[in-house]
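Colleague: Here it is, the structure in full.
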Amino acid sequence: MKIAGFGFRSTATLADLRAALALTGARPDALASLATKAAQPALIELARELALPLIALREEDIAGEQTLTCSPRIKSRFGTGSVAEACALVAARQGADLARSRLIAPRVITANGIATAAIAERVEP
């Protein structure tokens, strides 16, 4: 199962999120972000448009998650290097106690810097 994790500013549009997903080069099975972002109309619309489930995570779910990329600002605020990567990794493991996850598309950033996306998949033990 491939999960697209998203991080984005509140000003992100549907077009920004589409662009971030396109940069990953992957077709996910679900979308994931922090609960505050999962409630944003642009991400809700993207999930509806793609007919994919949207997984809302809590900040404490992603705190301490090891990521390939690291933004000092995000590390200070959320305790992880990338919201997009952390959301993808955590969501990919949900529902399977011993499962691991790995990034198959590290964080990408839209040209305007408004949205990020990453893709992770579950690795069964």
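The values are calculated or read from the model by the stated rules, or taken from the named source; none is laboratory data. Predicted model only: the values in this text are computed from it and were never measured. All Cβ positions, even for glycine, are placed from backbone atoms using ideal geometry, and neighbour counts span all protein chains on display. These accessible areas exclude ligands, DNA and RNA; they are computed on the full protein's heavy atoms, side chains included. Shrake-Rupley method; radii C 1.70, N 1.55, O 1.52, S 1.80 Å.
Colleague: Restricting to region 67-108, give me the number of residues that are open to solvent by 60 Å² or more (accessible area, probe 1.4 Å) and modelled with pLDDT under 95.
Modeller: Within region 67-108, residues that are open to solvent by 60 Å² or more (accessible area, probe 1.4 Å) and modelled with pLDDT under 95 number 13.
Colleague: If you check Glu49 against the conditions, is it surrounded by fewer than 17 Cβ atoms within 10 Å (Cβ to Cβ), of a type outside the set (Phe, Trp, Tyr) and touching a helix residue (DSSP H, G or I) at 6+ places or on another chain (Cβ under 7 Å)?
Modeller: no
Colleague: Please work out if Ile3 is at pLDDT 95 or above and either in contact with a Lys or Arg (Cβ under 7 Å, 6 or more places away or on another chain) or buried (at least 19 other Cβ atoms within 10 Å of the Cβ) (or both).
Modeller: yes
Colleague: Considering region 73-125 alone, what residues qualify as being in contact with a helix residue (DSSP H, G or I) (Cβ under 7 Å, 6 or more places away or on another chain) and of a type in the set (Asp, Glu)?
Modeller: Of everything in region 73-125, just one residue is in contact with a helix residue (DSSP H, G or I) (Cβ under 7 Å, 6 or more places away or on another chain) and of a type in the set (Asp, Glu), namely Glu121.
Colleague: In region 1-33, how many are aliphatic (A, V, I, L, M) and either farther than 12 Å from Glu121 by Cβ or in contact with a His (Cβ under 6 Å, 6 or more places away or on another chain) (or both)?
Modeller: Qualifying residue count for the region: 11.
Colleague: For region 111-125, how many residues meet the condition of being more than 9 Å from the chain's Cα centre (by Cα) and open to solvent by 10 Å² or more (accessible area, probe 1.4 Å)?
Modeller: Looking only at that region, the number is 9.
Colleague: Further question on the same structure: Scan region 10-30 and report the pairs whose first residue is open to solvent by 70 Å² or more (accessible area, probe 1.4 Å) and whose second residue is basic (Lys, Arg) and modelled with pLDDT of 95 or more, with Cβ atoms within less than 7 Å and a gap of 6+ or a chain change.
Modeller: Every condition considered, the pairs that remain are Asp29/Lys2.
Colleague: Do we find that Ala39 is among the aliphatic types (A, V, I, L, M), in contact (Cβ under 8 Å) with a residue 24 or more places away in the chain and either surrounded by fewer than 22 Cβ atoms within 10 Å (Cβ to Cβ) or within 17 Å of Arg122 (Cβ to Cβ) (or both) in this structure?
Modeller: no
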